[in-house]
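Structure record follows, encoded as structure tokens.
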Amino acid sequence: MTENGWFQIALFFLLIVLIARPLGIYMADVFERRKTFLDPLLVPVERALYKLTGVEADKEMRWTEYGIAMLFFSVVSMLVLYLIERIQHWLPWNPQHLPNVPAVLALNTAASFTTNTNWQSYVPETTMTYLTQMAGLAYHNFASAAVGMALAIAMVRGISRREQNTLGNFWVDVTRAILWVLLPISIVFALALVSQGVVQNLRPYDTAHLLESQKVVSQDASGKSTTQAITTQTIAQGPVASQEAIKMLGTNGGGFFNTNSAHPFENPTPFSNLLEMLAIFAISAGLTVTMGRMTNSPRHGWAVFAAMAILFLGGITTAYWAEAQGNPLMHGVAQQASATQAGGNMEGKEVRFGIANSALFATVTTDASCGAVNGMHDSFTPLGGMVPLVNIMLGEIIFGGVGAGLYGMLIFVILSVFIAGLMVGRTPEYLGKKIEAYDVKMAMLYVLVFPLLILGFTGVTVLLPHLGLSSLANAGPHGLSEILYAFTSAAGNNGSAFAGLNANTNYYNLTLSMVMLSGRFLMIVPMLAVAGNLARKKIAPASAGTFPVTTPLFTILLTGVIVIVGALTFFPALTLGPILEHLLMYAGKTF
Amino acid sequence: MRKQFITACLYTLVTTVLLGLGYPLAVTVLAHFLMPAKANGELIAKNGVLVGSQLIGQPFTGPGYFNSRPSAAGTGYDAANSSGSNLGPTNATLIARVEQSVQSWKAREVENPNGSTDVPVDLVTTSGSGLDPDITVAAAEYQVASVAQARGLPTDQVKHLVQAHIEPRQFGILGEPRVNVLELNLALDVLAADRK
């Protein structure tokens, strides 16, 4: 660990705090349809869009209508993506003449991008055409992020409205999220990325002549070795910057290239790396401020922000420490940090990022449900790799996915208020609303679906040698971690991976599709039900017995509830995976 | 219900045109207008022949060049097939591979300038992308003596070449100091040619 490393981490966090307030206030204006500086440009586009698609912008929706519109949009756009993948060979912008995507893989990818997961079972540069990347995958980066934001705003309206049956109009919320927030920031951000060297073109792959030609010796199955001379390097190209921008901003995380933000064309410099990390947290951090504004309780927004910040700081400290220790099994290797190298565990990490920025990126991308990576999580030390895993297990609420992070966190807020009510023996209240049996049942449903998916599917998979275990790249406790990470990432709609696991098999493509879809939609329904029910309630004036949700005490209780729920559920699995591997590594054992 | 479904279909269609085609194509046009070299990958040509990209690493394994890091992308630095090794920290294959790399570096009888015999960690580990264009300053300095010997160049000159190619932290703060291997080796070729 170095002083500069800590400084870079502190700088990142400071910038997030500074971005959250202005962006949050702006988003509150956008969703409450107040005037903003972009109106002269965007209002005509908005009107035209409603006219073309038959949206009645002034019609309010009940929670069921809101949910149905959301489901229709998700299903239709998912089918369109599936179709594009299946016929991409015949469509334009396919300079590498790539074939159509096989059915099961296309299904997995469609589910993955519709649910904002961006789990990738494929190698993009050899699988997806430029058109599929732009109109299929990057399109869903916008759509799924806007849907998440709309749902979060619906939840906030549920809290702030009194004695009303409706939560707003789904199409209006999605449209305003896209036009006022995602699109303008993406255009500026994409150009900033190009200035750092992120490519943006539609040309065929380039062929470079190597300075030093290479001889590669390979052995076939019969043990006969052949020597191959390599004199050229094929360099994959593409419209990367435009996709990269929304991939980070919408916490999607699906890389244009196989190695995602570790690839120099996706993330060429430390500055592009900083911008990408800021983009992951920006909207989710801002939404806590938006929530505070819309519920007329700005301090409640900051209390929620503080709980997220505590969990983030805990994660990054652990990850940075663990990765800086290096790997004790490597001998004769200089792993100490010095003036001329960052040291530490450099397997799977890029030199320009070193240890601090790799650990920070891994923490940020899994706190939010982004899933982009700038280093390979599979090659992290056991405890360093456990941090991303635990971040997802806590429910993707440490800032979380755009929108999804906030509504997930608000479910935990309701649970915290409920538990506080039990402790003092009064009916729990949240910002003046009584929290009753129905709300708590729905909140518990939301909380329980998640571990059921992760532990259920992991449990079944480890019992299937041919379908489950044959895909493993690593043996021993690390193998369990690979499978556990895959289903955790899918259920949390994160999309990062312990990528050694070969997930491009029928078994994994199908089970992970199911988990991704369930992890999104089975959790949205109870959340919307809570929102709809809260909107109907009266607001009671605060009394001496009301538990305030704006104090440090509340922040501590909320953090405690999140950690205890997560730990009780997942600690046994973690013991058998990363914790056991850590102990065995220091005992000198390999697998 | 039916009306919502029709809206969903139309909305998908219209926004796909706007966000899936309009947005990326507009960014492409803007990028090519403002920063054409960057939008195309900062390609390097030597005597009219494309020799690589400033951003994408290349394999260098012989004694006459500064070596790049080991790579897990295809047969090594396959820029159409980026990949990390994804080997876990307790994987026996990883530990054996590192051990072999350490032995082959020690066999070159290179001397670590800071006195220890340990090999800088980035020279024995694969990068995340398999295309890492950089090595650490420690790794470049570690190779100075052996490259100078193989090329028949004075050690001081090669040392100066490395010093001139150190890229400091961006804005003095961000990332880690590093040396771009392809650029360093291109400069090394120029230096060697000048002496003849």
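Things to note:
- Taking the criterion of being at positive phi and more than 14 Å from the chain's Cα centre (by Cα), the residues of region B:43-57 that qualify are B:47, B:48.
- Screening region A:129-167 for residues that are in a loop (DSSP other than H, G, I, E, B) and surrounded by 24 or more Cβ atoms within 10 Å (Cβ to Cβ) and picking the one that is farthest from the other protein chains (Cβ to nearest Cβ) gives A:167.
- Residues in region A:549-584 that are surrounded by 15 or more Cβ atoms within 10 Å (Cβ to Cβ) and in a loop (DSSP other than H, G, I, E, B): A:549, A:550.
- Test: residue in region B:139-156 that is touching a Lys or Arg at 6+ places or on another chain (Cβ under 7 Å), buried (at least 24 other Cβ atoms within 10 Å of the Cβ), facing chain A (nearest Cβ under 10 Å) and in contact (Cβ under 8 Å) with a residue 24 or more places away in the chain: no
- Residue among B:5, B:66, B:60 that is touching a residue at least 60 places away in the same chain (Cβ under 8 Å), facing another protein chain (nearest Cβ under 7 Å), at negative phi and in contact with a Phe, Trp or Tyr (Cβ under 7 Å, 6 or more places away or on another chain): B:60
- Residues being modelled with pLDDT under 95 and either touching a strand residue (DSSP E or B) at 6+ places or on another chain (Cβ under 7 Å) or crowded, with 24+ Cβ neighbours inside 10 Å (or both) - total across region A:264-301: 0
- Verdict on residue A:146 being within 19 Å of residue B:9 (Cα to Cα), in contact with a Gly (Cβ under 9 Å, 6 or more places away or on another chain) and not hydroxyl-bearing (Ser, Thr, Tyr): yes
- Residue ID - surrounded by the fewest Cβ atoms within 10 Å (Cβ to Cβ), chosen from residues in region A:359-394 that are hydroxyl-bearing (Ser, Thr, Tyr) and within 11 Å of chain B (Cβ to nearest Cβ): A:381
- If you filter region B:160-179 down to residues that are buried (at least 18 other Cβ atoms within 10 Å of the Cβ) and part of a loop (DSSP other than H, G, I, E, B), you find that the one that is farthest from the other protein chains (Cβ to nearest Cβ) is B:165.
- Of the numbered criteria (1) buried (at least 23 other Cβ atoms within 10 Å of the Cβ); (2) facing chain A (nearest Cβ under 7 Å), the one residue B:76 fails is (1).
- Per the conditions (1) within 7 Å of chain A (Cβ to nearest Cβ); (2) out of contact with any Phe, Trp or Tyr (no Cβ under 8 Å at 6 or more places or on another chain), the sole criterion not satisfied by residue B:92 is (2).
- A count restricted to region A:302-324 and to residues that are within 14 Å of chain B (Cβ to nearest Cβ) and either surrounded by fewer than 17 Cβ atoms within 10 Å (Cβ to Cβ) or acidic (Asp, Glu) (or both) stands at 1.
- Residue match in region A:266-282 (condition: on the phi < 0 side of the Ramachandran plot, at the interface with chain B (Cβ under 7 Å from one of its Cβ atoms) and not in a helix (DSSP H, G or I)): yes
- Boolean, residue A:211 is touching a helix residue (DSSP H, G or I) at 6+ places or on another chain (Cβ under 8 Å), in a loop (DSSP other than H, G, I, E, B) and of a type in the set (A, V, I, L, M): no
- Residue A:74, sole failed condition from (1) facing chain B (nearest Cβ under 9 Å); (2) surrounded by fewer than 19 Cβ atoms within 10 Å (Cβ to Cβ); (3) within 25 Å of residue A:511 (Cβ to Cβ); (4) of a type outside the set (A, V, I, L, M, F, W, C): (2)
- Some residue of region A:123-135 being in contact with a helix residue (DSSP H, G or I) (Cβ under 7 Å, 6 or more places away or on another chain) and among the charged types (D, E, K, R): no
- The lone exception for residue A:321 - which of (1) over 18 Å from residue B:129 (Cα atoms); (2) within 22 Å of the chain's Cα centre (by Cα) it fails: (2)
- Scanning region A:214-265 for residues that are in a loop (DSSP other than H, G, I, E, B) and at positive phi yields A:223, A:238, A:251, A:253.
- Condition broken by residue A:314, with the remaining ones in (1) touching a residue at least 40 places away in the same chain (Cβ under 8 Å); (2) under 21 Å from residue A:413 (Cα atoms); (3) not hydroxyl-bearing (Ser, Thr, Tyr) satisfied: (1)
- Applying the set (1) over 23 Å from residue A:280 (Cα atoms); (2) assigned to a helix (DSSP H, G or I); (3) hydroxyl-bearing (Ser, Thr, Tyr) to residue A:109 leaves exactly one unmet item: (1).
- Restricting region A:335-357 to residues that are among the hydrophobic types (A, V, I, L, M, F, W, C) and within 7 Å of chain B (Cβ to nearest Cβ), the residue that is farthest from residue A:274 (Cα to Cα): A:346
- Flag if residue A:10 is more than 22 Å from residue A:151 (Cα to Cα), more than 9 Å from chain B (Cβ to nearest Cβ) and of a type in the set (Gly, Ala, Ser): yes
- Number of residues in region A:445-482 that are within 30 Å of residue A:534 (Cα to Cα) and either in contact (Cβ under 8 Å) with a residue 24 or more places away in the chain or among the basic types (Lys, Arg) (or both) equals 8.
- Condition met for residue B:195 (in contact (Cβ under 8 Å) with a residue 12 or more places away in the chain and surrounded by fewer than 15 Cβ atoms within 10 Å (Cβ to Cβ)): yes
- Matching residues in region B:16-57 - criterion: being more than 7 Å from chain A (Cβ to nearest Cβ) and surrounded by 22 or more Cβ atoms within 10 Å (Cβ to Cβ): B:57
- Within region A:35-55, tally of residues that are touching a residue at least 60 places away in the same chain (Cβ under 8 Å) and not aromatic (Phe, Trp, Tyr): 8
- The number of residues in region A:549-569 being within 17 Å of residue A:452 (Cα to Cα) and in contact with a Pro (Cβ under 7 Å, 6 or more places away or on another chain) comes to 1.
The values are calculated or read from the model by the stated rules, or taken from the named source; none is laboratory data. The shown structure was predicted, so the numbers you read here are calculated from the model rather than taken from an experiment. Positions of Cβ are backbone-derived with ideal geometry, glycine not excepted, and every protein chain shown enters the neighbour counts.
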